[in-house]
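To start, the structure under review is shown below, and the notes come after it.
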Amino acid sequence: TRLWNPETAMTSKGSYTFTVISWNVAGLRAFIKKQPDALANLAERYQADVICLQEHKLQDVHLDDPKLKIREHFEEKLGGFESHWSYSTTKKGYSGTAMFIRKRGGSGGGDDASKKGKKQAKIGAFFTSKNKEGDEATKGDSIGDIPVSHLQPLNVMTELGLPKHDGEGRTVTAEFPLFHLTNVYVPNSGQKLDRLGYRTEEWDTDFLNKMQQLEKGKPVIWLGDLNVAHNEKDTWNEGAKHLVKSAGTTPQERASFDRQLGAGFVDAFRHLHQDAMGHYSYWSQRAGNREPNKGLRLDYFICSKDLMEDDDDRKVVVRDSYMVPDELGSDHCPIVLEIEMKK
């Protein structure tokens with residue numbers, strides 16, 4: 001059940017709904033061949049402000065490769081977004097994250113017209129029918145009563161600043177005026193659990209420390225494929241004997257995730273949908289598990305507690321988080337976060 005209506009929030013409260021989409025695409029070259037319009041359609045369907053991808057598996061040379069035409073693809077399909085890429089330098093065809101942030105004009109609404117289907121001709125067709133603000137909403141340097149500057153990143157980093165982790169292209173972090181947003185593809189422990197120690201004892205600890213450092217300045221949201229199904233509500237076959245020895249469901253990974261949440265962070269979906277069952281974001285294609293919904297919830301939005309609390313003094317509140325299981329093209333489905341920005 002959806003908990004939030006962006007259009008109602010704009011018309012009744014003057015609030016803007018900042019929408020973030022995350023999707024592990026399991027190889028971007030194959031993905032855009034199979035589903036060339038999938039990301040543009042998502043952007044339209046949910047009026048996305050930010051789209052985060054994990055496991056694109058590209059190298060930096062691929063973006064401008066004249067045969068692949070990947071940059072041209074995104075200029076055509078997501079021309080209203082600025083893209084930021086992180087690549088694996090230690091291993092080719094592996095990992096990789098990207099963040100697409102909607103372009104905003106510096107004055108008079110500017111490029112924000114792309115969200116309203118007016119000026120960005122290349123993607124205009126995608127944004128003419130479903131405008132969550134309405135045609136009168138953009139005035140000067142605001143959308144409704146929200147300054148456009150609140151929707152623009154102050155800076156974007158494609159590394160954590162931790163050399164022992166940064167070689168695999170696993171993060172993109174955008175600092176917005178009201179919060180930090182980190183797209184992350186957490187290391188998989190491996191079929192033989194050969195990376196379990198690295199993942200739980202090194203990566204998880206160092207990443208949490210980094211998020212806590214960022215949080216000293218402003219609230220934090222980290223999101224993406226976190227490669228853990230937290231508890232029995234997040235697996236279709238909880239209790240199966242092999243789970244304790246399977247990547248993503250080991251006691252060590254679950255305990256490590258518990259420690260991260262215990263440090264003052266909140267799993268947005270589970271907080272807002274406490275008793276929800278059968279809501280997954282990953283299904284084994286090899287086993288044909290998607291149609292019968294035999295899945296795992298591996299993809300998350302993790303938020304500072306401040307963002308989950310609502311009172312008169314708070315300008316930003318997380319309102320809903322959900323999966324989009326009908327979107328195909330990967331063994332994961334997209335997940336969505338809706339954040340209210342109050343006037």
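Structure above, values below:
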quantity: Those residues of segment 284-343 which are surrounded by 20 or more Cβ atoms within 10 Å (Cβ to Cβ) and part of a loop (DSSP other than H, G, I, E, B), in sequence order; calculated: R297, L298, S330, C333, P334
quantity: Hits in segment 15-47 (condition: assigned to a helix (DSSP H, G or I) and open to solvent by less than 50 Å² (accessible area, probe 1.4 Å)); calculated: L28, F31, I32, A38, L39, A40, L42, A43, E44, Y46
quantity: Any chance K122 is basic (K, R) and either at pLDDT 95 or above or buried (at least 21 other Cβ atoms within 10 Å of the Cβ) (or both); calculated: no
quantity: Every pair of residues 6+ apart whose Cβ atoms lie under 7 Å, when the first sits in segment 23-47 and is without any contact (Cβ under 8 Å) to a residue 60 or more places away in the chain while the second is surrounded by fewer than 19 Cβ atoms within 10 Å (Cβ to Cβ); calculated: R29/L68; I32/H73
quantity: Members of segment 144-154 found to be under 14 Å from R102 (Cα atoms) and surrounded by fewer than 16 Cβ atoms within 10 Å (Cβ to Cβ), listed by number; calculated: S149, L154
quantity: Residue count for segment 203-246, restricted to those that are open to solvent by less than 40 Å² (accessible area, probe 1.4 Å) and either within 20 Å of the chain's Cα centre (by Cα) or in contact (Cβ under 8 Å) with a residue 24 or more places away in the chain (or both); calculated: 23
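One line per residue, one yes/no per condition, for (1) at pLDDT 95 or above; (2) closer than 30 Å to K13 by Cβ:
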| position | (1), (2) |
| --- | --- |
| K130 | no, yes |
| E133 | no, yes |
| T138 | no, yes |
| D166 | yes, no |
| T171 | yes, no |
| F179 | yes, yes |
| T182 | yes, yes |
| L196 | yes, no |
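The values are calculated or read from the model by the stated rules, or taken from the named source; none is laboratory data. All values derive from a computational prediction rather than experimental measurement. Note that we place each Cβ from the backbone using ideal geometry, even for glycine, and neighbour counts take in every protein chain shown. For accessibility, only protein heavy atoms count, side chains too; no ligands or nucleic acids. Shrake-Rupley method; radii C 1.70, N 1.55, O 1.52, S 1.80 Å.
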